[in-house]
Amino acid sequence: MRLDNSERLFAHARRLIPGGVNSPVRSFGAVGGTPPFIVSGSGARIRDADGNEYLDFVGSWGPLVLGHAHPAVVEAVQRAAADGTSFGAPTERELELAELITRAMPSIEMLRLVNSGTEAAMSAIRIARAYTGRNKLIKFNGNYHGHADGLLVKAGSGAATYGVPTSAGVPPGYAAETLVAEYNDLASVEAVFDANVNQVAAVIVEPVAGNMGVVAPADGFLPGLRRLCDDNGALLIFDEVITGFRVAYGGAQERYRIRPDLTCLGKIIGGGLPVGAYRGGRRAGQKAAPPPPWRGTITAGGLPVGAYGGRADVMQMAAPLGPAYQAGTLSGNPLATAAGIACLQELARPGVYDTLEALGAEAEAGLRAAGDATGVAVTVNRVGSALTAFFTESTVTTWEEAASSDTGRYAAYFHGLLERGVYVAPSQFEAAFVSLAHTSEDIAFAAQQARDAMAPL
């Protein structure tokens with residue numbers, strides 16, 4: 001596989017952009033090598049600047065549940081763009097998207113659209129502090145809630161990939177208000193509450209951890225958090241930026257039947273703007289896709305969109321109703337809301353999540369079989385259509401167990417897959433995502449490539 005054009009582009013990018021990328025994990029710092037520069041996507045496949053095609057299990061880091069360039073989303077964005085791309089004023093689509101979200105997640109009685117998952121988490125925490133009159137926040141080791149200053153404390157994802165538990169540039173006073181407990185360990189949460197009586201405003205958690213790889217909540221963990229928050233007068237915030245509309249239509253709170261006080265949502269509610277080229281991207285023997293009804297090629301990657309919402313009495317703390325200020329000039333922009341409406345309407349169709357569950361189970365079985373066939377120690381964690389293959393002999397239920405994985409072996413596996421036309425996350429501590437565009441044949445193909453990539457290990 002040649003990456004001549006990507007290498008040229010990456011060299012150019014490093015002169016203009018820190019590290020050559022606009023988000024650190026894209027730099028391949030954890031796995032080495034040159035990141036392919038992607039030019040188009042269609043269905044379950046993407047194509048890079050050198051013409052290489054990959055079966056994609058990154059899916060723009062999760063939101064492309066429908067796959068790349070889904071016709072319903074593309075058409076919705078086209079129609080919206082023809083009417084104008086941004087107004088900085090209310091539009092009816094904002095209401096329609098809010099109605100879809102609140103019907104899917106009954107815990108969200110009111111919500112506000114924002115511009116990213118980071119902004120959603122930051123705003124939810126501010127509202128929780130305003131409502132409770134308290135300052136401290138409990139988060140979990142290995143959970144990631146965006147790059148706001150007070151949240152870069154023992155964060156997962158990119159921070160975990162580079163072994164940086166905190167970030168330079170964050171004043172110590174910010175981090176001092178963030179208290180860290182251990183994911184799946186209720187006793188550690190209780191100890192933090194006991195040491196900070198009447199000081200904790202909220203507990204924020206990824207109900208299914210996704211930024212230290214996929215780690216499911218242990219039995220009783222989420223109900224225990226609900227109980228501890230109630231007993232201590234704190235709010236429970238679910239960060240469903242990854243899990244919302246992914247592990248169930250109503251997110252992890254539907255799957256596990258827990259009602260948080262506040263919920264954070266991310267790009268999936270904007271459809272991830274899965275817009276890509278229709279030309280090319282077909283497998284051998286497959287007929288070419290019909291040409292789209294518009295001219296040219298759209299290669300946009302994703303619109304900034306997110307939301308936070310929850311109990312009405314809590315959300316009414318937000319300005320202009322309440323004293324907690326939060327604003328976004330372009331929040332709820334017409335393209336993002338149009339894409340989100342189209343995406344959620346597709347996901348609401350009967351049988352969608354049964355299909356995703358079945359495809360996820362096939363992917364899990366394929367990875368386990370690859371490990372068994374090659375004798376490579378692999379632990380596969382899966383929740384719905386999100387999964388991670390950890391290169392470790394232990395179970396993975398905590399950050400410490402995830403961190404014990406062999407990242408060098410993962411890097412070799414990653415490049416083995418890339419050479420074989422399968423694109424997964426360039427980090428051990430991320431998830432693979434199956435979409436509705438994947439087929440059982442795709443999953444079987446990926447499983448065989450995983451076996452071949454593991455064989456030399």
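The values are calculated or read from the model by the stated rules, or taken from the named source; none is laboratory data. All figures in this text were calculated on a predicted structure; none of them were measured in a lab. Counting neighbours? That spans all protein chains shown, and the Cβs are built from the backbone with ideal geometry, glycine included. Quick note on the areas: whole protein, heavy atoms, side chains included, nothing else; ligands and nucleic acids left out. Shrake-Rupley method; radii C 1.70, N 1.55, O 1.52, S 1.80 Å.
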State which residue pairs qualify: first residue of a type in the set (F, W, Y) and inside segment 384-402, second residue part of a helix (DSSP H, G or I) in any location, beta carbons under 6 Å apart, and separation of 6 or more residues or different chains.
F391/R409; F391/Y410
So, in segment 231-270, of the ones that are open to solvent by 10 Å² or more (accessible area, probe 1.4 Å) and without any contact (Cβ under 8 Å) to a residue 40 or more places away in the chain, which residue ends up farthest from D219 (Cα to Cα)?
N232
Exclusive hit being under 22 Å from N211 (Cα atoms) and basic (K, R), set R15, R47, R26, R8:
R26
L330 being outside any strand (DSSP E or B), touching a helix residue (DSSP H, G or I) at 6+ places or on another chain (Cβ under 8 Å) and hydrophobic (A, V, I, L, M, F, W, C):
no
Quick one: how many residues across segment 222-241 are among the aromatic types (F, W, Y) and closer than 18 Å to D194 by Cβ?
0
Checking P18, P71 in turn, the sole residue that is surrounded by fewer than 17 Cβ atoms within 10 Å (Cβ to Cβ) and within 25 Å of G408 (Cα to Cα) turns out to be P18
Restricting segment 165-178 to residues that are open to solvent by less than 70 Å² (accessible area, probe 1.4 Å) and in contact with a Leu (Cβ under 7 Å, 6 or more places away or on another chain), which is modelled with the lowest pLDDT?
S167
Can you name the residue in segment 98-143 that is within 14 Å of F238 (Cβ to Cβ) and assigned to a loop (DSSP other than H, G, I, E, B) and is also most open to solvent (accessible area, probe 1.4 Å) among such residues?
P106
Apart from one, (1) touching a residue at least 12 places away in the same chain (Cβ under 8 Å); (2) outside any helix (DSSP H, G or I) all hold for R26; the odd one out is (2)
Quick one: is A327 open to solvent by less than 10 Å² (accessible area, probe 1.4 Å) and of a type in the set (G, A, S)?
no
Here the residues within segment 419-442 that are part of a helix (DSSP H, G or I), closer than 29 Å to Q345 by Cα and open to solvent by 10 Å² or more (accessible area, probe 1.4 Å) are S440, E441
Boolean, A288 is surrounded by fewer than 24 Cβ atoms within 10 Å (Cβ to Cβ), modelled with pLDDT of 95 or more, of a type in the set (A, V, I, L, M, F, W, C) and over 25 Å from L330 (Cα atoms)
no
State which residue pairs qualify: first residue closer than 23 Å to Y308 by Cα and inside segment 67-95, second residue charged (D, E, K, R) and open to solvent by less than 70 Å² (accessible area, probe 1.4 Å) in any location, beta carbons under 9 Å apart, and separation of 6 or more residues or different chains.
V73/E346
Could you tell me how many of the residues in segment 192-221 are without any contact (Cβ under 8 Å) to a residue 40 or more places away in the chain and surrounded by 22 or more Cβ atoms within 10 Å (Cβ to Cβ)?
1
(1) in contact with a Lys or Arg (Cβ under 7 Å, 6 or more places away or on another chain); (2) assigned to a helix (DSSP H, G or I); (3) of a type outside the set (D, E, K, R) all hold for G416 apart from (1)
Please identify the pairs in which a residue from segment 103-116 that is closer than 10 Å to L265 by Cα has its Cβ atom under 7 Å from the Cβ atom of a residue that is in a loop (DSSP other than H, G, I, E, B) and open to solvent by 40 Å² or more (accessible area, probe 1.4 Å), counting only partners at least 6 apart or on another chain.
S116/P304
Hey, could you check segment 403-418 for residues that are among the aliphatic types (A, V, I, L, M) and without any contact (Cβ under 8 Å) to a residue 60 or more places away in the chain and say which is surrounded by the fewest Cβ atoms within 10 Å (Cβ to Cβ)?
A412
Looking at (1) in contact with a helix residue (DSSP H, G or I) (Cβ under 9 Å, 6 or more places away or on another chain); (2) at pLDDT below 50; (3) among the hydrophobic types (A, V, I, L, M, F, W, C), find the lone condition where I242 falls short.
(2)
Evaluate the following for P456: is it part of a loop (DSSP other than H, G, I, E, B) and either modelled with pLDDT under 95 or open to solvent by 10 Å² or more (accessible area, probe 1.4 Å) (or both)?
yes
Residue hits (segment 437-456; within 14 Å of A365 (Cβ to Cβ) and of a type in the set (V, I, T)) are I443
Could you tell me whether any residue of segment 366-383 is open to solvent by less than 10 Å² (accessible area, probe 1.4 Å), in contact with a strand residue (DSSP E or B) (Cβ under 6 Å, 6 or more places away or on another chain) and in a helix (DSSP H, G or I)?
no
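To keep it simple, each residue is scored yes or no on (1) assigned to a helix (DSSP H, G or I); (2) of a type outside the set (G, A, S); (3) buried (at least 22 other Cβ atoms within 10 Å of the Cβ).
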site	(1), (2), (3)
N5	yes, yes, no
A30	no, no, yes
I46	no, yes, yes
V58	no, yes, no
L64	no, yes, yes
